[in-house]
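The structure appears below as structure tokens.
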Amino acid sequence: FVAEQLQTLTADVRIDAVKIGMLATAEIADAVGDFLRAFAGDVVVLDPVMVATSGDRLLAPDAAAAVARLVPLASIITPNLHEAADLLGVPVATDLAAVRSQAEALLASGAKRVLLKGGHLANAGDGTARAVDVLAESVGAGVELTELTAPRIATRNTHGTGCTLSSAIAALR
């Protein structure tokens with residue numbers, strides 16, 4: 001069934017990029033995985049919407065495991081701190097050193113690139129109110145980490161910011 005839908009979709013539309021957000025069930029995530037294994041595109045952005053920034057789980061454990069299986073199929077993943085911890089089975093990062101370490105661990109787990117969104121980290125480790133995201137990429141036999149910093153904006157209007165970011169990455173392909 002998925003193969004037929006894939007054939008129909010790719011016959012009618014040129015797909016330049018794929019952006020994946022919340023996948024409600026393991027069955028849906030597995031179907032997306034089937035699509036990605038057959039997809040010949042270079043740009044696949046996975047925003048693994050699994051755990052809210054509050055720490056509340058958004059998916060059943062089997063669905064979260066199915067989303068984790070998509071990680072090696074993406075060209076970049078954009079987890080928040082809670083999602084990164086969930087993917088790795090470790091506690092949530094509480095300082096910038098742990099964010100860096102988890103970004104590297106996600107690369108080691110099969111991710112091609114990781115943009116670990118650290119905007120909800122209490123501070124950047126030096127007491128300043130900065131948001132720090134960490135981009136991790138494999139370079140040769142090593143790992144290159146790039147810190148993307150900006151002043152923290154005090155607002156309650158943060159719903160959807162991760163989705164917007166991952167969509168922008170896909171659009172800028």
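Quick notes on this one:
- Normalising the average separation of contacting C-alpha pairs (under 8 angstrom, six or more residues apart) by the number of residues puts the relative contact order of the stretch 88-173 at 21 percent.
- Relative to the Cα centre, the charge distribution of the chain, modelled as +1 at Lys and Arg Cβ and -1 at Asp and Glu Cβ, gives a dipole magnitude of about 340 debye.
- Computed from point charges on the beta carbon alone (+1 for Lys and Arg, -1 for Asp and Glu), the dipole magnitude for the stretch 14-70 about its Cα centre is near 80 Debye.
- Extension gain, Ala52 to Ala24: 0.36 nm times the residue separation minus the Cα-Cα distance gives 8.7 nm.
- Amide H partners (placed H, <5 Å) of Val18, local residues excluded: Val43, Val44, Val45
- Listed peptides 41-52, 10-21, 56-67 appear in the order 41-52, 56-67, 10-21 once ranked by packing, highest mean of other Cβ atoms within 10 Å at the front.
- Per-residue SASA entry for His120, accessible area with 1.4 Å probe, Å² rounded to 10: 110 Å²
- Estimated inter-spin distance, Asp12 and Thr155, nm [label 7 Å along Cα→Cβ]: 3.6 nm
- Mean sequence separation of contacting Cα pairs (under 8 Å, at least six apart), scaled by the length of the chain, corresponds to a relative contact order of 19 percent.
- Listed values for the stretch 78-89 are Karplus-derived 3J(HN,Hα) couplings in whole Hz (6.51 cos²θ - 1.76 cosθ + 1.60, θ = phi - 60°), namely 10, x, 7, 4, 5, 5, 4, 4, 5, 4, 8, x, and x replaces Gly and Pro.
- When both bridge partners sit in the stretch 1-117, DSSP labels roughly 10% of those beta bridges antiparallel.
The values are calculated or read from the model by the stated rules, or taken from the named source; none is laboratory data. A quick note: this is a predicted structure, and the numbers were derived from the prediction, not measured. Here the Cβ is made from the backbone with ideal geometry for all residues, glycine too, and neighbour counts use every protein chain on show. To get the accessible areas, we keep the full protein, side chains included, count just its heavy atoms, and leave off ligands, DNA and RNA. Shrake-Rupley method; radii C 1.70, N 1.55, O 1.52, S 1.80 Å.
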